[in-house]
Amino acid sequence: MNRFYIIRHGETENNRAGRLSGWIDTPLTADGLVPTARAVAKLHSVQVAAVVSSDLGRAFVTAYTAARQLGFAGEIMRLPGLREVNYGVAANMPKTEAYSRYPGLDQATDYTPPEGESLGHMQKRVVETLNTLNEKYNDADILVVAHSGVMAALHASFTGGDFGEYNFRNEYPHDLVLRVTLDGGRVASFDEVG
């Protein structure tokens, strides 16, 4: 059984400013990779066979840094299926303004903002992307660098809970490391490392 070790990208300017990012990219803060170093330290005993990243810049920069700190010199796969939810026209807005303008954006799994995607759609693509990876490897430790929404999607998939609730009611800090396994196309385990 493969083990996916999932970390969040480093802190971005939008994270610090309380703005939604989604599919837009904002640079990491000057000390944005400090939490990444703490996450990597939790993986010191893991022999990483592959490193996979969301194709968004903030995740790839984090993945590159984490891979090198772990001694992984192979190619990093960049997969759009691991992107954060697409907030559409609400991207780059302050969170409070976005949630006020687009009621449902912060909690409703099936709500689709203009030019964006629903949390439910995002959750489906994330699980499908991990399932594809799961079929490619056998009994491997795989580092995945993604977003808080990806973590929430997998958490909700594991518990069977409502994704909207998990996405905005739980904290997924930048130094968190999750270990996830899949079985039969479903999230079979979900636990914190370290």
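The values are calculated or read from the model by the stated rules, or taken from the named source; none is laboratory data. Please read all numbers here as calculations on a predicted model, not as lab measurements. Every residue, glycine among them, receives a Cβ derived from its backbone with ideal geometry; neighbour counts consider all protein chains shown. Calculation scope for accessible area: heavy atoms of the full protein, side chains included, ligands and nucleic acids excluded. Shrake-Rupley method; radii C 1.70, N 1.55, O 1.52, S 1.80 Å.
Residues of segment 135-154 being more than 24 Å from Gly57 (Cα to Cα) and either of a type in the set (Phe, Trp, Tyr) or not in a loop (DSSP other than H, G, I, E, B) (or both), which ones? Full working, then the answer.
Filtering segment 135-154 down to residues more than 24 Å from Gly57 (Cα to Cα) leaves 135-140.
Hits for segment 135-154 are Glu135, Lys136, Tyr137.
The residues of segment 130-163 that are within 21 Å of Leu176 (Cα to Cα) and without any contact (Cβ under 8 Å) to a residue 60 or more places away in the chain, listed by number, are Ala152, Ala153, His155, Ala156, Ser157, Phe158, Thr159, Gly161, Phe163.
I want to confirm something. Restricting to segment 103-138 and keeping residues that are touching a Lys or Arg at 6+ places or on another chain (Cβ under 9 Å) and of a type in the set (D, E, K, R), which single residue is farthest from Leu20 (Cα to Cα)? Per the criteria, the residue is Arg125.
Scanning segment 59-78 for residues that are assigned to a loop (DSSP other than H, G, I, E, B) and surrounded by 16 or more Cβ atoms within 10 Å (Cβ to Cβ) returns Leu70, Phe72.
With respect to Tyr99, is the statement that it is open to solvent by 20 Å² or more (accessible area, probe 1.4 Å), of a type in the set (Phe, Trp, Tyr), more than 16 Å from the chain's Cα centre (by Cα) and farther than 18 Å from Ala140 by Cβ true? So that I can check it myself, show each step before the final result.
Numbers: open to solvent by 20 Å² or more (accessible area, probe 1.4 Å): yes; of a type in the set (Phe, Trp, Tyr): yes; more than 16 Å from the chain's Cα centre (by Cα): yes; farther than 18 Å from Ala140 by Cβ: yes.
Yes.
Could you tell me how many of the residues in segment 43-58 are open to solvent by less than 30 Å² (accessible area, probe 1.4 Å) and either assigned to a helix (DSSP H, G or I) or within 22 Å of Asp25 (Cα to Cα) (or both)? Explain how you work it out, then say what you get.
Start the filter on segment 43-58 by keeping residues that are open to solvent by less than 30 Å² (accessible area, probe 1.4 Å), which leaves 43, 46, 50-54, 56-58.
Within this subset, residues satisfying the condition of being either assigned to a helix (DSSP H, G or I) or within 22 Å of Asp25 (Cα to Cα) (or both) are 51-54, 56-58.
Count: 7.
Leu20 - would you say it is closer than 18 Å to His147 by Cβ and without any contact (Cβ under 8 Å) to a residue 40 or more places away in the chain? Criteria not met by Leu20.
Assess whether Glu84 counts as being at pLDDT 95 or above, open to solvent by less than 60 Å² (accessible area, probe 1.4 Å) and in contact with a helix residue (DSSP H, G or I) (Cβ under 6 Å, 6 or more places away or on another chain). Lay out the reasoning, then the answer.
Working: at pLDDT 95 or above: yes; open to solvent by less than 60 Å² (accessible area, probe 1.4 Å): yes; in contact with a helix residue (DSSP H, G or I) (Cβ under 6 Å, 6 or more places away or on another chain): yes.
Yes: the conditions hold for Glu84.
Go over the candidates Tyr111, Tyr99 one by one and state the one that is aromatic (Phe, Trp, Tyr), part of a helix (DSSP H, G or I) and either farther than 17 Å from Met151 by Cα or free of Cβ contacts under 8 Å to residues at least 24 places away in the same chain (or both). Answer to the check: Tyr99. The residue that is nearest to Gly74 (Cα to Cα), among those in segment 125-173 that are open to solvent by 40 Å² or more (accessible area, probe 1.4 Å) and basic (Lys, Arg), is Lys136.
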